[in-house]
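Here's the structure we're looking at; comments come further down.
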Amino acid sequence: MSDQDAEIILKDLDDNELVQQMQDDLYDGMIPEVTEGTQILLDRGWDANMVLNDALVEGMRFVGEDFRDGILFVPEVLSAANAMKGGMGLIRPILAASDDQKSTGTVVIGTVKGDIHDIGKNLVGMMLEGAGFEVFDLGINTDWDEFHRAIDTHEPDIVGMSALLTTTMPYMAVVIEEMEKAGLRKDMSIICGGAPLNQEFADAIKADGYGRDAAVSAEMAKTLLGLNR
Ligand code: B1M
């Protein structure tokens, strides 16, 4: 067996090497390895937030950058996001049980009425989760009533809408108008995205942000909450 083929025993690595290896494994979409690495760090007494931020979120940041720069494509990003979710599956219950844990913020997100495209919206949701947001995903074909119910239930900081069809984009304006009528608009930010949208459209419907891609959207969401300087 050559050195290159040598199997890396995660538990034999020191903390720094392990974090580095986990970020590489996350980039490569290796779900069992990322999950195992997460468990090892937790077993070594690492704080769950540190594991999340230093290993998983930081690893996902590299993925997001390479996706934005055209080095990675949708299948690889989905694999990486699933690997991150493997680790997050171990961390989520610990964070949920801790009193002082505050998420970065809360987002309600959905693909708007009439539209069943969800790959981009799912990526945005995963990137938001990677950035520490609690994400409530309403799925596809989401009408105002569903958004309204979710807003009442979750009181999000941000409402996110996705559309891939020129025929469904205008429904975003309907949701924003209904939010205004219901007196909800001033309490939360609205972000929108999808291949046919642009900044001009987002401005026209009075959204607070337009997300060109998933990585940009997660950063934008943090900026809207004043978390980026
Ligand atoms: Co459809 N489709 N499709 N389709 N489809 C498009 C959108 C289309 C451009 C293809 C084409 O004709 N060239 C065209 C729309 C034309 C138009 O409106 N002008 C089209 C059409 C016409 C249709 C149907 C009407 C076809 C038919 O039945 N005759 C039909 C519509 C059904 C419906 O929705 N009612 C339909 C169906 C489908 C499939 C079901 C087969 C499938 C969807 C599967 C799924 O999503 N689960 C599908 C697909 C895959 C596509 C294309 C090929 C790819 C879309 C995609 O997933 N891209 C698409 C062509 C294209 O866009 N090149 C096409 C990858 C994804 C990562 O990118 O979604 O842009 P995207 O998301 C990005 C950003 O936009 C942004 O971040 C994401 C990640 O970087 N983003 C956000 C997205 N949402 C965001 C939200 C945010 C922020 C950023 O904040 C909340």
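The values are calculated or read from the model by the stated rules, or taken from the named source; none is laboratory data. Remember, predicted model here, so these are calculated numbers, not experimental data. Cβ coordinates were reconstructed from backbone atoms using ideal geometry, including for glycine residues, and neighbour counts include every protein chain displayed. All accessible areas refer to the heavy atoms of the entire protein, side chains included, with ligands and DNA or RNA removed. Shrake-Rupley method; radii C 1.70, N 1.55, O 1.52, S 1.80 Å.
Using only Cα atoms, tell me the angle between helix 170-181 and the longest principal axis of the chain; keep it within 0 to 90° and round to the nearest 10.
80 degrees
For the range 94-229, what does the accessible surface come to per residue with a 1.4 Å probe? Please give it in Å².
Working: 6540 Å² over 136 residues.
Counting only protein heavy atoms, the per-residue value for the range 94-229 is 48 Å².
Go from 0 up to the bin containing the longest alpha carbon distance in the chain, width 10 Å each, and give me the % of pairs per bin.
8, 32, 32, 18, 7, 2, 0
Only bridges whose two residues both fall in the range 106-224 count here: according to DSSP, what percent of them are antiparallel, nearest 5?
0 percent
Quick one: accessible surface of Lys113, probe radius 1.4 Å, all protein chains present, in square angstrom to the nearest 10.
Surface open to solvent at Lys113 totals about 100 Å².
State the percentage of accessible surface on the chain attributable to carbon and sulfur atoms; use a 1.4 Å probe and exclude ligands, DNA and RNA. Write out the running numbers ahead of the final one.
Numbers: 5820 of 11570 Å².
The nonpolar share, carbon plus sulfur, comes to 50 percent.
If you count only protein heavy atoms and use a 1.4 Å probe, how large is the accessible surface of Asp213, to the nearest 10 Å²?
Accessible area, nearest 10 Å²: 30 Å².
Per-residue accessible area for Phe67 at 1.4 Å probe radius, Å² rounded to 10?
Counting only protein heavy atoms, the figure is 50 Å².
I'd like the distance between the alpha-carbon centres of the range 1-66 and the range 126-166, rounded to an integer number of Å.
Distance between centres, Cα-based: 30 Å.
Lys and Arg at +1, Asp and Glu at -1: add these up for the other residues within a Cβ distance under 15 Å of Leu123 and post the number.
Values: positive: Arg61, Arg68, Lys85, Lys121, Arg212; negative: Glu65, Asp66, Glu76, Asp118, Glu129, Asp137, Asp213, Glu219.
Neighbourhood net charge equals -3.
Can you tell me the relative contact order of the range 103-178? Whole percent, Cα pairs under 8 Å, sequence separation 6 or more. Write down the numbers at each step before the final one.
Working: 126 pairs, mean separation 34.5, N = 76.
Value for the range 103-178: 45 percent.
Going by the alpha-carbon gyration tensor, a ≥ b ≥ c the square roots of its eigenvalues, is the range 106-224 rounded (a/c under 1.5) or, if a/c is not under 1.5, prolate (a/b greater than b/c) versus oblate? Don't skip to the end; give the middle numbers.
Values: a/c = 1.23, a/b = 1.04, b/c = 1.18.
The shape class here is rounded.
If each DSSP helix of 4+ residues adds -39,500 (n - 2.57) and the sum is divided by the residues in the chain, what number results at 222 nm, nearest 500 deg cm²/dmol?
On the way: 9 runs with 113 residues, N = 229.
It lands at -15500 deg cm²/dmol.
Need one number: nm distance between label points at Leu165 and Asp24, each 7 Å from Cα along Cα→Cβ, rounded to one decimal.
Inter-label distance under the simple model: 4.6 nm.
Place a +1 charge on the Cβ of each Lys and Arg in the chain and a -1 charge on the Cβ of each Asp and Glu, then give the dipole magnitude about the Cα centre in debye, rounded to the nearest 20. The partial results should precede the final answer.
Numbers: 17 positive and 42 negative charges, 204 e Å.
In total the dipole reaches around 980 debye.
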